[in-house]
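First comes the structure, then the notes that go with it.
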Amino acid sequence: MKSYLLSLGFIFLAIGAIAQTATNKLGLNIGGGFQQYHGDLGSALYKKYISSYGTINISVGYYLTKSVDACIFGFIGDYGYCQPEEMKNKEVPDADKCIGCVGRVGMGNLNSRIASGGVFLKYKIANGFLLSQNAKLKPHIYGGVSINRLTDRMKKKCIAVGDYYTVNAGLGLQYYLCEKVNIGYNIGFGYFTTDKIDFISRGKNDLYMQNTLNLGIDLF
């Protein structure tokens, strides 16, 4: 599963845009949920009780065709990893530790704040070819890129503060309560283009996964 996720890792991000139509071309989507770390320190993906951090998301989508929307998005939240008990007492070389963790047993933890903004294209499956454009359930897939500002929220010197790029993609599902209002679920991934953010380089670029619930409205 890990190798599958990393190869898709070119899959990302955490928010979905709403399904615009030719008559309602501009839409706004807001939501929130949690994100999890996968990288040199370990993996919290699909582990319910390990290192889940909150995130708030917003996106704006614009109708291009009945199959494709162009979207911009942003989110802010915490990004990190707390090692499980079995790893806390496992001795590793100092070269495998972050700057703030040298001299301690284990590889250490990661605590940061992440703010992100980017663009993506969304492919709408309810496009008249696969599903009816009038369907109440509207699934989609998306892909794009973003720039991410990482800060050392806990002042533990466990993260290389700076701006980093990710390749993003994911999938989502909206349910329309009425003509212009929908609720939805989204799962997305952000695959960093560098392996330097946690000060450990093992050839495994860091990745985050987001699960969010969203409220959308088609504006005009």
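The values are calculated or read from the model by the stated rules, or taken from the named source; none is laboratory data. None of the values given here were measured: they were computed from a predicted structure. No Cβ is skipped: glycine too gets one built from the backbone with ideal geometry, and neighbour counts run over all protein chains shown.
General remarks:
- Residue count for the range 137-188, restricted to those that are acidic (D, E) and either under 19 Å from G61 (Cα atoms) or touching a Gly at 6+ places or on another chain (Cβ under 8 Å) (or both): 1.
- Qualifying residue in the range 173-186 (condition: free of Cβ contacts under 8 Å to residues at least 24 places away in the same chain and under 25 Å from Y79 (Cβ atoms)): no
- On the stretch given as the range 129-143, residues that are at pLDDT 95 or above and surrounded by fewer than 21 Cβ atoms within 10 Å (Cβ to Cβ) total 3.
- Subset of the range 99-128 that is in a loop (DSSP other than H, G, I, E, B) and surrounded by 17 or more Cβ atoms within 10 Å (Cβ to Cβ) - its residue that is modelled with the lowest pLDDT: G106
- The lone criterion from (1) buried (at least 18 other Cβ atoms within 10 Å of the Cβ); (2) aromatic (F, W, Y); (3) under 30 Å from A126 (Cβ atoms); (4) under 16 Å from the mean Cα position of the chain (by Cα) left unmet by Y176 is number (4).
Yes or no, residue by residue, for (1) touching a residue at least 60 places away in the same chain (Cβ under 8 Å); (2) in contact with a strand residue (DSSP E or B) (Cβ under 9 Å, 6 or more places away or on another chain):
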| position | (1), (2) |
| --- | --- |
| Y123 | no, yes |
| L131 | no, yes |
| P139 | no, yes |
| V145 | no, yes |
| R149 | no, yes |
| K157 | no, no |
| A169 | yes, yes |
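- Near pairs, Cβ below 8 angstrom, 6+ apart or cross-chain, from the range 43-65 (of a type in the set (V, I, T) and assigned to a strand (DSSP E or B)) to any residue that is crowded, with 18+ Cβ neighbours inside 10 Å and at pLDDT below 85: T55/A14; I58/I15; V60/A17
For (1) modelled with pLDDT under 85; (2) over 13 Å from the mean Cα position of the chain (by Cα); (3) not basic (K, R), each residue gets a yes or a no:
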{"position": "A17", "(1), (2), (3)": "yes, yes, yes"}
{"position": "K25", "(1), (2), (3)": "yes, yes, no"}
{"position": "G33", "(1), (2), (3)": "no, no, yes"}
{"position": "G39", "(1), (2), (3)": "yes, yes, yes"}
{"position": "I50", "(1), (2), (3)": "yes, yes, yes"}
{"position": "T55", "(1), (2), (3)": "no, no, yes"}
{"position": "C82", "(1), (2), (3)": "yes, yes, yes"}
{"position": "M87", "(1), (2), (3)": "yes, yes, yes"}
{"position": "D96", "(1), (2), (3)": "yes, yes, yes"}
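- Tally, over the range 203-220, of residues that are modelled with pLDDT of 85 or more, more than 14 Å from H38 (Cα to Cα) and either hydrophobic (A, V, I, L, M, F, W, C) or not in a strand (DSSP E or B) (or both): 3
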